[in-house]
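**Student:** Below are the structure tokens for one structure; questions will follow.
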């Protein structure tokens, strides 16, 4: 049995693993009261008066390719505005399979999260852990720039809420990202990554997770995920974006992707967009589908389980491929 997580005010803990969690290990983000006790009491009386049979937890808000495409052709368009056709749904499944096949043949492929979970803890002093932490620290400034660019693009694609406040929301989120400075390896975090709002300048990385992501693309996708949580902050700066992405993904996939699930999926979406941008601006002789797939491969699990706050790992891959038609073309190859 996994011990329950103590939620400390002012804390955001993201047991990251980029969209998957062990059963009983929820994403914990502090809650805050949205309604006063008097208002709550009044609502109870109103609902009772109209014969409401169920009264929910109103006082809490959960926080926190048809032709070959070269690397120079990579567009950052994040989504199609049409529902998925049967052909597109089939392509999502084919692309999802292609991602995990690439992982098997890639010397820099990410270790699936369920396999990470089975590994013994790794002290921070071990050479491979030190190397992994240095790798993530080196890529942090790059990931920050890519996340900021991706958030700006997504703000245009999905909207950022009230036009009068959207600019302020975006600028606040960008400021949070720009303030992050450090990667701290942690043995006890194992296959997780986390951020704390009381120390929003540091991303804590489990040593097993650091070692399990040997590629630049894999590390950037996870760094970007964490940076989006920091960007949201205690002010819920990205709330409208999370809802827009969640609603779109729900329509495309038929899955229920709202509230915390929407936030987690948006973080993963930014991770894939950041990795695509990195590949586009850092060409190599490696196959393009292989490099793009690295942003998703940690979700190629055998034990495919999700929870109320997170899609299962393989459904996370499907949802991202459904949201991003260019992504599914890229990983499928010519």
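**Student:** With a Förster radius of 22 Å, plug the Cβ-Cβ distance of residue 305 and residue 251 into 1/(1 + (r/R0)^6) and report the FRET value to the nearest 0.05.
**Tutor:** Step by step, r from the Cβ atoms, then E = 0.35.
**Student:** Counting only the backbone N, which residues of segment 226-241 are under 20 Å from the spot 7 Å out from the Cα of residue 165 toward its beta-carbon?
**Tutor:** Residues passing the 20 Å test: 229-241.
**Student:** Roughly how many nanometres apart are two label points built 7 Å out from the Cα toward the Cβ at residue 184 and residue 118?
**Tutor:** 3.2
**Student:** Using only the Cα atoms of segment 105-181, what do you get for the radius of gyration and for Dmax, in Å?
**Tutor:** Here Rg and the maximum Cα pair distance are 18.0, 51 Å.
**Student:** How do the peptides 273-284, 247-258, 201-212 rank, highest first, by the average count of neighbouring beta carbon atoms within 10 Å per residue?
**Tutor:** Ranked by mean Cβ neighbours within 10 Å, highest first: 201-212, 273-284, 247-258.
**Student:** Among 104-114, 178-188, what's the highest-first ranking by average C-beta atoms within 10 angstrom per residue?
**Tutor:** The packing order, highest mean first, is 104-114, 178-188.
**Student:** For segment 188-332, what number results from the quotient of the Cα radius of gyration and 2.2 N^0.38 Å? Display every interim value, and only then the final one.
**Tutor:** Working: Rg = 14.9 Å, N = 145, 2.2 N^0.38 = 14.6 Å.
Computed over Cα atoms of segment 188-332, the ratio equals 1.02.
**Student:** Work out, step by step, the length gained on full extension between residue 284 and residue 94: first 0.36 nm times the residue separation, then minus their alpha carbon distance; give nm to one decimal.
**Tutor:** 65.9 nm
**Student:** Assuming a viscosity of 0.692 mPa s and a temperature of 37 °C, what translational diffusion coefficient in µm² per second does Stokes-Einstein assign to segment 180-268, Rh being the Kirkwood radius over Cα pairs?
**Tutor:** Roughly 236 µm²/s, to the nearest whole number.
Every read-out reported here was derived from the displayed coordinates using simple, explicitly stated rules and does not represent laboratory data. Bear in mind the structure is a predicted one, so any value in this text is a computation, not a measurement. Counting neighbours? That spans all protein chains shown, and the Cβs are built from the backbone with ideal geometry, glycine included.
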